[in-house]
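Below is one structure; the comments refer to it alone.
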Amino acid sequence: MNSFKRADRVADLIKIEISNLLLKQVRDPRIGLVTITGVKVADDLRTARIFFVELGKDQCSEEIQAGLGKAAGFLRRELGRRLRLRCVPELLFAYDPSFAYGNRIERLISEIHREEEAHVPED
C-alpha cells in the first residue's frame, strides 16, 4: 500500500508548478522575490494552502500578499491546464514564519559565538 495520501502527492505537484509559474509567467514586480516553501492540500482536494517567504525578509509585506492574491486566479487556471485535476483547489497564500524564526535562531547562535570568542583568555 502506498504510504502517501493523494493530497500529499497533489501538494508536491502544486508546489513545483506554482514555483515555475511565479518564476517564468507571473510578471507582477511585487512578487519577484517570493519563494514557495510548502503546500498543504486538504484531504478533499478543495483548498491548497501555499506557504511562502520573501527572500531576505523576516516579515511579509502587504504588497506581496496583495500581489499573490491578484495572481491566484491565473495560477489556478494554469494549474488546471497543467495538472489535469477534476477539481482544481482554491489557492490560499500564507506567509511562512518558520524561516524568520530560523534566521533569528541563527543570529542568536552567531552572537553567542562572538561573545564566547571575546571572553576567551589568552595564554
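The values are calculated or read from the model by the stated rules, or taken from the named source; none is laboratory data. The shown structure was predicted, so the numbers you read here are calculated from the model rather than taken from an experiment. Reconstructed Cβ throughout: ideal geometry from the backbone, glycine too, with neighbour counts over all protein chains shown.
So V34 ticks every box in (1) more than 18 Å from E63 (Cβ to Cβ); (2) in contact with a Phe, Trp or Tyr (Cβ under 9 Å, 6 or more places away or on another chain) but one. Which box is left unticked?
(1)
Exactly one of (1) at pLDDT below 90; (2) out of contact with any Cys (no Cβ under 9 Å at 6 or more places or on another chain); (3) on the phi < 0 side of the Ramachandran plot is unmet by P97. Its number?
Checking P97 against (1) at pLDDT below 90; (2) out of contact with any Cys (no Cβ under 9 Å at 6 or more places or on another chain); (3) on the phi < 0 side of the Ramachandran plot, the one that fails is (2).
Looking only at region 72-92, which residues are part of a helix (DSSP H, G or I) and touching a helix residue (DSSP H, G or I) at 6+ places or on another chain (Cβ under 7 Å)?
L75, E78, L79, R82, L83
What are the residues in region 1-52 that are of a type in the set (A, V, I, L, M, F, W, C), under 15 Å from G69 (Cα atoms) and assigned to a helix (DSSP H, G or I), if any?
Of everything in region 1-52, those that are of a type in the set (A, V, I, L, M, F, W, C), under 15 Å from G69 (Cα atoms) and assigned to a helix (DSSP H, G or I) turn out to be I18, L21, L22, I31.
How many of the residues making up region 1-20 are of a type in the set (V, I, T) and at pLDDT below 85?
Number of matching residues: 0.
Condition first: more than 11 Å from P89 (Cβ to Cβ) and buried (at least 20 other Cβ atoms within 10 Å of the Cβ). Now tell me which residues in region 30-53 satisfy that.
Hits for region 30-53 are I31, V34, I36, F52, V53.
On the basis of being farther than 19 Å from D12 by Cβ and not in a strand (DSSP E or B), does E117 make the cut?
Taking the combined requirement at face value, the residue satisfies it.
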